[in-house]
Amino acid sequence: MPALAFLSQWRDRLPGVCAVCASWPARPVCDACVARFAPPVPRCRSCALPVPEDVARCGECLRHPPPLDACLACCDYAWPWPGRIGRFKFQGEAGWATPLATLIRSMPWVEPVLEQADLVLPMPLSAQRLKSRGFNQALELARQLSPRKMEARLLLRTRDTPPQSGLPRAQRLTNLRGAFALEPLRAHEARGRRVVLVDDVMTSGASLFAAAQVLRDAGAAHVAGIVFARTGRPDAARAP
Ligand SMILES: [Zn+2]
Ligand SMILES: [Zn+2]
């Protein structure tokens, strides 16, 4: 094994070392890295895009309210997170679930949302994607956030969809129609419940909104999204 790879693995397994800058002793991610890379910023309550102070919802969500009652994101999808999330997701470094979940929990409103939830559902991967990747990173995060309420077999991804990027919003939503479903024998379990959907990265929001709509259609009383990182929306700059 190359020395650098060995050192990096060794570092990641050491207890008490910041997962980002490797300073010691530290919580999974040290205070300085949180302040630098995941500072709390005002975000739209429905889609978690950054908004100016005192603005509750972005223009797009005011015009087309998404089916989420609340949406919380820890940080922007910007350096160093794409690399860290990539290692978590594509290189199977499941140990990253702990620092990412710790950061998520430190966000304002996350604890109360998890406390009030009846069900915490990871955004599902299709069987095909799960097979090629070996694990679902959203499930690992959801398990860390709420092991007792996490339910991995209720919300299903019934089919993969072509890449969403570059498609206009309306087309992305059409693209995802029928991509999520509740396990038919258990669909009643969502009725009247408060549900939290968990994912690592929220890009356009189309997947999260499509899954939330399935839960709403099944009678869920409240649906919130909690994600680690949020990418900007290309059309966000034009929103009032
Ligand atoms: Zn650090
Ligand atoms: Zn919004």
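Taking the number of Cβ atoms within 10 Å of each Cβ as an exposure proxy, the fewest-first ranking of Trp24, Trp96 is Trp24, Trp96. Relative protection proxy for 121-129, 66-74, from highest mean packing down: 66-74, 121-129 (other beta-carbon atoms within 10 angstrom). On the beta carbon distance between Ser126 and Phe90, with R0 = 22 Å, the FRET formula returns roughly 0.85.
Read the figures in this text as sums done on the coordinates, not as results from a lab. Nothing here was measured: the structure is a model prediction, and the numbers come from that model. Quick reminder, even Gly has a Cβ in these numbers, built from the backbone with ideal geometry, and neighbours come from all protein chains shown.
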